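See structure below.
The values are calculated or read from the model by the stated rules, or taken from the named source; none is laboratory data. Fair warning: this is a prediction, and the values are worked out from it, not measured in the lab. Virtual Cβ from ideal backbone geometry, glycine too; neighbours counted across all protein chains shown.
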Amino acid sequence: MQNSRKRTLPSWLSWLFVVIFLAHFSAILIHQFGKNTLPSLIVEVADRYASPWFYQNYEMFAPEPHTQINKFVYRVKSHGEWSTWKDPVYPHLQDLWSNRFGNGGDMYRIIGGIADKLYEGQHLIGFLEAPTQAQWFSLPGFLVAERFVLGQSPFATDPSLEVFQVGVLTEVHRMTEAGELRVVYVFQAYPEKVVEQ
Amino acid sequence: MRRLNDIWVRWQRHLDMLPVSELFIRAIYLTLIWSTIKLLLIGDVVWGEEWLHVRYTPFGNIDRFAMILNEAVVRPHYLWFALPFLALLIGGVIGRHNVFTRAVVWYLYVALHFGNVEISTGGHHLYQQLLFFHILFFRVNDQEDGMWAAARRMLHHLGFYAIWINIALLYFASAYWKTFGEMWFNGQAMLMSISFEPYSFPGILDLLPSNTWYLLVGTYAVFAYQLLFAVVIWIKPVRKPFLLFGLLFHLSIVFIVGLADFGLFMIASYSIFLAPADARKLMERLSVVRLKRKQ
């Protein structure tokens with residue numbers, strides 16, 4: 001497979017390619033690791049180069065693996081009665097357990113994303129002294145949760161749907177000093193919202 | 001200096017790794033075909049009008065094209081992205097690809113990937129880079145000479161090693177960020193990771209209420225593998241057994257943790273590290289299978 005007489009590029013051109021190659025990876029390295037060590041101007045230039053086409057986030061299970069997960073739950077009021085709290089992600093989780101190569105995991109992560117946004121919303125709203133209903137209902141997580149309840153949940157087509165409420169159930173894991181794993185659940189509900197007919 | 005120049009010239013004329021790049025294209029395209037088909041089954045939610053995630057459009061100018069599937073007006077037409085992508089991947093698997101199709105594959109992948117960031121993993125980020133560099137995988141045969149052939153050879157080789165470097169970067173970055181935590185040092189990281197049912201199986205907490213010796217060893221082994229990858233991968237005699245450990249690690253991510261995309265993307269990307277002779281044998285076997293089916 002070798003032919004020693006084959007032509008090669010002029011030296012200047014081959015080195016130009018190498019310089020471009022090195023410049024690319026230098027920018028990517030600065031984008032990855034430069035944040036706390038290099039001047040902000042250099043990091044900004046590197047970030048501008050890397051995002052979005054060469055954006056890469058490799059903080060996988062780092063600096064720690066996740067110690068909590070959020071679950072999106074909701075309930076609805078119909079004919080004057082509240083349903084139990086519904087967990088829309090569980091059927092997808094069952095899919096994931098039964099088939100590692102299906103799309104159960106993808107649906108789990110998509111609906112799980114709603115839970116994370118609801119959780120972030122609870123933090124954001126905590127900074128307001130007296131949040132109004134309008135502020136609660138304009139949070140990005142709430143808007144997506146509302147899309148799900150009114151558009152894709154089993155109650156979406158129920159004409160007698162009066163009120164709905166969404167919430168986020170957080171499962172927190174901690175290791176005790178004795179090396180045992182402990183689990184705590186924290187539930188945070190959003191205000192009830194009347195369905196406009 | 002002259003010796004260095006000789007090595008540099010020889011490296012540019014080298015053609016040994018061509019079967020490796022062809023095999024690499026097939027391996028990553030196969031995983032992408034699987035991933036795209038399973039996502040197409042829920043395509044309306046992933047890329048279409050039934051979206052259930054916070055859409056993200058922070059960019060302007062040409063960068064908007066990377067996030068184009070976040071635009072409400074574009075989402076109803078997501079099949080115009082997903083189906084050509086799938087067709088080009090299938091073409092690539094049977095050897096029908098060129099610099100234009102590879103560039104389009106990269107762009108469509110970027111658009112589809114950013115079209116729903118909720119299902120993105122480190123493997124998706126890596127593929128975005130690998131698919132960019134695979135655009136440079138020009139085919140140059142042994143008979144071709146001249147400036148254009150020399151340029152294509154040079155670009156191929158740079159793309160080839162850029163992929164090595166980018167995979168090494170993934171592991172190094174992942175290990176580097178872990179050094180800022182505690183659980184990767186005290187050996188609890190693996191137990192904590194799989195203690196959540198969505199990242200393992202139901203009832204796992206009843207089986208593993210505290211750390212075990214094998215989870216402790218697993219934690220340190222994975223941490224060490226990621227930390228050492230960027231160096232060890234260049235040492236030929238240990239490359240194979242080292243990658244074998246990585247293969248087992250990523251299979252466990254597929255079957256235990258349940259992140260099949262990430263695990264399979266990483267395993268497929270390992271094909272770039274195969275020895276040229278092994279890659280040639282595999283490619284020959286694949287073409288024999290194809291020929292037999294044709295007969």
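What the table shows:
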read-out	value
Among (1) assigned to a helix (DSSP H, G or I); (2) within 8 Å of chain A (Cβ to nearest Cβ); (3) more than 21 Å from B:Val20 (Cβ to Cβ), the one test that B:Asp145 misses	(1)
Out of B:Gly263, B:Gly258, sole residue that is on the phi > 0 side of the Ramachandran plot and not basic (Lys, Arg)	B:Gly258
Every residue from the range A:172-187 that is surrounded by fewer than 17 Cβ atoms within 10 Å (Cβ to Cβ) and touching a residue at least 12 places away in the same chain (Cβ under 8 Å)	A:Val172, A:Arg174, A:Val183, A:Val184, A:Tyr185, A:Val186, A:Phe187
Residue within the range B:212-226 that is polar (S, T, N, Q) and either at pLDDT below 95 or in contact with a Lys or Arg (Cβ under 6 Å, 6 or more places away or on another chain) (or both) present	yes
Every residue from the range A:65-81 that is touching a Leu at 6+ places or on another chain (Cβ under 7 Å) and farther than 20 Å from A:Ile111 by Cα	A:Ser78
Of the criteria (1) in a helix (DSSP H, G or I); (2) within 24 Å of B:Ile90 (Cβ to Cβ), which one B:Arg64 fails	(2)
Unmet requirement for B:His97, which otherwise passes all of (1) of a type outside the set (Ser, Thr, Tyr); (2) part of a loop (DSSP other than H, G, I, E, B); (3) surrounded by fewer than 17 Cβ atoms within 10 Å (Cβ to Cβ)	(3)
Selection status of A:Gly113, within 30 Å of B:Leu32 (Cβ to Cβ) and surrounded by fewer than 22 Cβ atoms within 10 Å (Cβ to Cβ)	yes
Which listed residue is assigned to a helix (DSSP H, G or I) and closer than 15 Å to B:Glu22 by Cα, from B:Leu83, B:Leu126, B:Leu131, B:Leu108	B:Leu131
Some residue of the range B:19-40 being part of a loop (DSSP other than H, G, I, E, B), closer than 24 Å to B:Gly92 by Cα, more than 8 Å from chain A (Cβ to nearest Cβ) and in contact with a helix residue (DSSP H, G or I) (Cβ under 6 Å, 6 or more places away or on another chain)	no
The range A:117-128 residues that are away from every other protein chain (no Cβ under 14 Å), paired with ones that are in a helix (DSSP H, G or I) (beta carbon under 7 Å, 6 or more apart)	A:Ile125/A:Gln135; A:Ile125/A:Trp136; A:Leu128/A:Gln135
Any hit, the range A:29-46, residues being in a helix (DSSP H, G or I), under 30 Å from B:Arg13 (Cα atoms) and not assigned by TED's automatic domain parsing to the domain that holds A:Gln135	yes
Condition check for A:Phe187: touching a helix residue (DSSP H, G or I) at 6+ places or on another chain (Cβ under 9 Å) and modelled with pLDDT of 95 or more	no
The range B:31-80, subset touching a Leu at 6+ places or on another chain (Cβ under 7 Å) and among the aromatic types (Phe, Trp, Tyr), residue surrounded by the fewest Cβ atoms within 10 Å (Cβ to Cβ)	B:Tyr78
The range B:106-129 residues that are touching a residue at least 12 places away in the same chain (Cβ under 8 Å) and charged (D, E, K, R), paired with ones that are crowded, with 21+ Cβ neighbours inside 10 Å and not in a loop (DSSP other than H, G, I, E, B) (beta carbon under 6 Å, 6 or more apart)	B:Glu118/A:Arg109; B:Glu118/A:Ile110; B:Glu118/A:Gly113
Residue match in the range A:12-25 (condition: surrounded by 14 or more Cβ atoms within 10 Å (Cβ to Cβ), farther than 30 Å from A:His173 by Cβ, modelled with pLDDT of 95 or more and more than 7 Å from chain B (Cβ to nearest Cβ))	yes
Helices (runs of 4 or more DSSP H) (entirely within the range B:180-246) containing at least 2 residues that are over 26 Å from the mean Cα position of the chain (by Cα), more than 10 Å from every other protein chain (Cβ to nearest Cβ) and farther than 30 Å from B:Ala277 by Cα	B:204-207, B:213-232
Residues of the range A:141-171 satisfying the condition of being out of contact with any Phe, Trp or Tyr (no Cβ under 7 Å at 6 or more places or on another chain), surrounded by 13 or more Cβ atoms within 10 Å (Cβ to Cβ) and among the β-branched types (Val, Ile, Thr)	A:Val144, A:Val163
Count of residues meeting criterion [within 15 Å of the chain's Cα centre (by Cα), assigned to a helix (DSSP H, G or I) and in contact (Cβ under 8 Å) with a residue 40 or more places away in the chain] in the range A:143-170	1
Residue tally, condition under 22 Å from B:Ala221 (Cβ atoms) and not in a helix (DSSP H, G or I), over the range B:247-286	2
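A quick yes/no check of all residues on (1) more than 8 Å from chain B (Cβ to nearest Cβ); (2) surrounded by 14 or more Cβ atoms within 10 Å (Cβ to Cβ); (3) of a type in the set (Lys, Arg):
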{"site": "A:Met60", "(1), (2), (3)": "no, yes, no"}
{"site": "A:Pro63", "(1), (2), (3)": "no, yes, no"}
{"site": "A:Arg75", "(1), (2), (3)": "yes, yes, yes"}
{"site": "A:Pro88", "(1), (2), (3)": "yes, yes, no"}
{"site": "A:Gln94", "(1), (2), (3)": "yes, no, no"}
{"site": "A:Gly102", "(1), (2), (3)": "no, yes, no"}
